[in-house]
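Structure, as structure tokens:
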Amino acid sequence: MAEAQLCGLQDEFTCSLCLDTLTDPVSIPCGHSFCLKCLTDCWDQSQVYRCPQCRHTLITRPDLHRNSVLNEAVKKLKKPRLSPHSSLNYASPGDVKCDACTERNLRAVKSCLNCMISFCQNHLQPHFEISAWKVHNLVDPDGNLKFKLCAKHQKSLEAFCKTDGTCVCVMCVATEHESHKIVELETETGEKQKQLGVTMSEIRRRLEETENKLKETRRAMEQMKTFSSRCVLPPDGDSLSFTVTADFSSEDLRKELSCLTKSVEKVSQWDIKTWSPSGHEAPIFVLQPPEPQSREEFLQYFFPLTLDINTAHIELHLSEENKKVTSKWTEAEYPDHPDRFDCQCQVLCREALTGTRSYWEVECTGESLRIGVAYKGLNRKGEGWECSLGNNDKSWSLRCFNSQYSVCHNNKETEIDAPYSPRIGVFLDWPAGSLSFYSVSHTMTLLHRFNTSFTEPLYPGFKVGPDCSVTIGQLSPCDH
């Protein structure tokens, strides 16, 4: 009876990392369960320990122990069962048919990679009773078994050639792939599942960020809609009248009017600038607030940044919750990723900046590094200098070399005569097309300002030379 109840719960016993039935299941404090190996590999790649499913963050990495009760339930789920009502298991269109049935074909429950045929529950039983067949490799019903045979030698595809990126049989290994790098199919499958887990985690993170931005937008829209009901322009346009809701006191109204008056006075000091996305579209008129002067004014636009481990070169080591990057001669064990820089010692941040003003600060050590921003399309692969920040038309950077400054864009470098400072402030005014670099001390000293028209979101990034480091500043309570 208990086994029958488990039949419909396959999804509940599936690991969300490898998308397969749980193996050595472990449970974590938030209640979700994963394969022991999948969760261990996931946490080994990160310095922050989160549940891959609900993103719940754990303060410390817990010891993982197999959930015995859940493990027994999974064993019962995997155990093959003979159906007392075989007439209900006839193969339907789309089902994999049993190849051993002589009359009407029943629905297959397993395929054997040794026999290269599929079996219903009744005909599968000998595989659990005959010693020679117990070692056969059984998989979920597969209607494409013929594609698991080598087209040339008609033998099982039991290995994977990493050199050619294809599955091969033992005859292929001995003849055409003798000098190639060969691994077992299970090994390659494990690597692909691991990469899939990393990709799915990144997708979940991006979905979470998108949902948070959507909630913030909805909240802002609701606040504006409350405000619009309190201030109404009469039809004749002679004067302003104010409609006060029942739960809105006169004192609240005075406070809001005072804030509104200050905002209007501040906006009146702004500049009106035009911006056109392309030469064929009508210009957009933008109210541009004055350029910040003091550090306190810059910090009003402070934007927290986090380094993206999937872009970091293997000689760059991230620490302090991905707020610091250090260049070392040793290579970090990062998984392969299409966004990773493979030659230039560079790393980008996860956050995309667009449509607003943003400010951030970095603390630098060492004699060779670059601080800048780049479009997502910046080339990540190859030894050419076109991948470097500032040496292409997709990025802008401030270069610090031997305590001297220069700025770079589109492979054009301009030297700057200014005293060196270990703390650099970056102010991005995306709508105005302005990117400014400041030396930060007791005053803000402008080092250089790029003026252009940005057409895509920008990602802050850093190029770090040997024995150098960059630490992204965080907003402390005293900075508010």
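The values are calculated or read from the model by the stated rules, or taken from the named source; none is laboratory data. What you see is a predicted model; the values in this text were computed from it and never measured. Don't worry about glycine lacking a Cβ; one is built from the backbone with ideal geometry, like all the others, and counts go over all protein chains shown. Ligands, DNA and RNA are stripped out before the accessible areas are found, and what is left, the full protein with its side chains, is counted by its heavy atoms. Shrake-Rupley method; radii C 1.70, N 1.55, O 1.52, S 1.80 Å.
May I ask you to say which residue of 40, 60 is in a helix (DSSP H, G or I) and modelled with pLDDT of 85 or more? First the steps, then the outcome.
Values: 60 fails: in a helix (DSSP H, G or I).
Just one listed residue meets the conditions, 40.
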Query - The lone exception for residue 450 - which of (1) open to solvent by 10 Å² or more (accessible area, probe 1.4 Å); (2) out of contact with any Leu (no Cβ under 8 Å at 6 or more places or on another chain); (3) farther than 24 Å from residue 314 by Cβ; (4) assigned to a strand (DSSP E or B) it fails - result: (2)
Query raised in the report: In the range 341-370, which residue that is in a loop (DSSP other than H, G, I, E, B), touching a Gly at 6+ places or on another chain (Cβ under 8 Å) and charged (D, E, K, R) is nearest to residue 313 (Cα to Cα)?
Result: 342
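If you check residue 420 against the conditions, is it over 22 Å from the mean Cα position of the chain (by Cα), within 21 Å of residue 360 (Cβ to Cβ), aromatic (Phe, Trp, Tyr) and not in a strand (DSSP E or B)?
The answer is yes for residue 420.
Taking the condition modelled with pLDDT under 95, loosely packed, with under 13 Cβ neighbours inside 10 Å and within 24 Å of residue 354 (Cα to Cα), does residue 455 pass? Break it down into steps so the answer makes sense when it comes.
Numbers: modelled with pLDDT under 95: yes; loosely packed, with under 13 Cβ neighbours inside 10 Å: yes; within 24 Å of residue 354 (Cα to Cα): yes.
Judged against the criteria, residue 455 is a match.
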Report summary line: residue 465 passes all but one of the listed conditions (1) closer than 28 Å to residue 317 by Cα; (2) of a type outside the set (A, V, I, L, M, F, W, C); (3) more than 25 Å from the chain's Cα centre (by Cα); (4) open to solvent by 60 Å² or more (accessible area, probe 1.4 Å); the exception is number (4)
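Could you say whether any residue in the range 307-314 is more than 25 Å from residue 49 (Cβ to Cβ), surrounded by 15 or more Cβ atoms within 10 Å (Cβ to Cβ) and in contact with an Asp or Glu (Cβ under 7 Å, 6 or more places away or on another chain)?
Scanning the range 307-314 turns up no residue that is more than 25 Å from residue 49 (Cβ to Cβ), surrounded by 15 or more Cβ atoms within 10 Å (Cβ to Cβ) and in contact with an Asp or Glu (Cβ under 7 Å, 6 or more places away or on another chain).
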Report summary line: Over the range 89-113, the set of residues surrounded by fewer than 15 Cβ atoms within 10 Å (Cβ to Cβ) and over 40 Å from the mean Cα position of the chain (by Cα) is 92, 102, 103, 104
Report task. Quick one: in the range 315-350, of everything that is of a type in the set (Ser, Thr, Tyr) and touching a residue at least 60 places away in the same chain (Cβ under 8 Å), which residue is surrounded by the most Cβ atoms within 10 Å (Cβ to Cβ)? Result -> 327
Report summary line: When residue 409 is run through (1) surrounded by fewer than 14 Cβ atoms within 10 Å (Cβ to Cβ); (2) farther than 21 Å from residue 350 by Cα, the failure sits at (1)
Query raised in the report: Where residues in the range 309-333 are among the hydroxyl-bearing types (Ser, Thr, Tyr) and not in a strand (DSSP E or B), which of them is farthest from residue 380 (Cα to Cα)?
Result: 330
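For the range 1-23: of the residues being closer than 17 Å to residue 51 by Cα and at pLDDT 80 or above, which is most open to solvent (accessible area, probe 1.4 Å)?
Looking only at the range 1-23, we keep the residues that are closer than 17 Å to residue 51 by Cα, and these are 12-19, 22.
If we keep only those that are at pLDDT 80 or above as well, we get 13-19, 22.
Numbers: 13: 18, 14: 47, 15: 0, 16: 21, 17: 11, 18: 17, 19: 98, 22: 4 Å².
If we take residues in the range 1-23 being closer than 17 Å to residue 51 by Cα and at pLDDT 80 or above, then 19 is most open to solvent (accessible area, probe 1.4 Å).
Does residue 461 meet the test of being touching a helix residue (DSSP H, G or I) at 6+ places or on another chain (Cβ under 9 Å), assigned to a strand (DSSP E or B) and either within 15 Å of residue 370 (Cα to Cα) or among the charged types (D, E, K, R) (or both)? Write out each step before concluding.
Numbers: touching a helix residue (DSSP H, G or I) at 6+ places or on another chain (Cβ under 9 Å): no; assigned to a strand (DSSP E or B): yes; either within 15 Å of residue 370 (Cα to Cα) or among the charged types (D, E, K, R) (or both): yes.
Here the answer is no, as residue 461 does not meet what is asked.
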Report task. Any residue in the range 292-310 that's closer than 19 Å to residue 431 by Cα: show its pairings with residues that are assigned to a loop (DSSP other than H, G, I, E, B) at Cβ separation under 6 Å, as long as the two are six or more apart or on different chains. Result -> 298/292; 302/475
Report task. Go through the residues of the range 167-181 one by one and say whether even a single one is open to solvent by 50 Å² or more (accessible area, probe 1.4 Å) and in contact (Cβ under 8 Å) with a residue 40 or more places away in the chain. Result -> no
Report summary line: Of (1) of a type in the set (Gly, Ala, Ser); (2) in contact with a Lys or Arg (Cβ under 7 Å, 6 or more places away or on another chain); (3) assigned to a loop (DSSP other than H, G, I, E, B); (4) touching a residue at least 40 places away in the same chain (Cβ under 8 Å), residue 397 fails just (3)
Report summary line: Only one of (1) without any contact (Cβ under 8 Å) to a residue 40 or more places away in the chain; (2) surrounded by 18 or more Cβ atoms within 10 Å (Cβ to Cβ); (3) within 23 Å of residue 21 (Cα to Cα) does not apply to residue 134, and that is (2)
Query raised in the report: Taking the condition surrounded by 17 or more Cβ atoms within 10 Å (Cβ to Cβ) and in contact with a helix residue (DSSP H, G or I) (Cβ under 8 Å, 6 or more places away or on another chain), does residue 150 pass?
Result: no
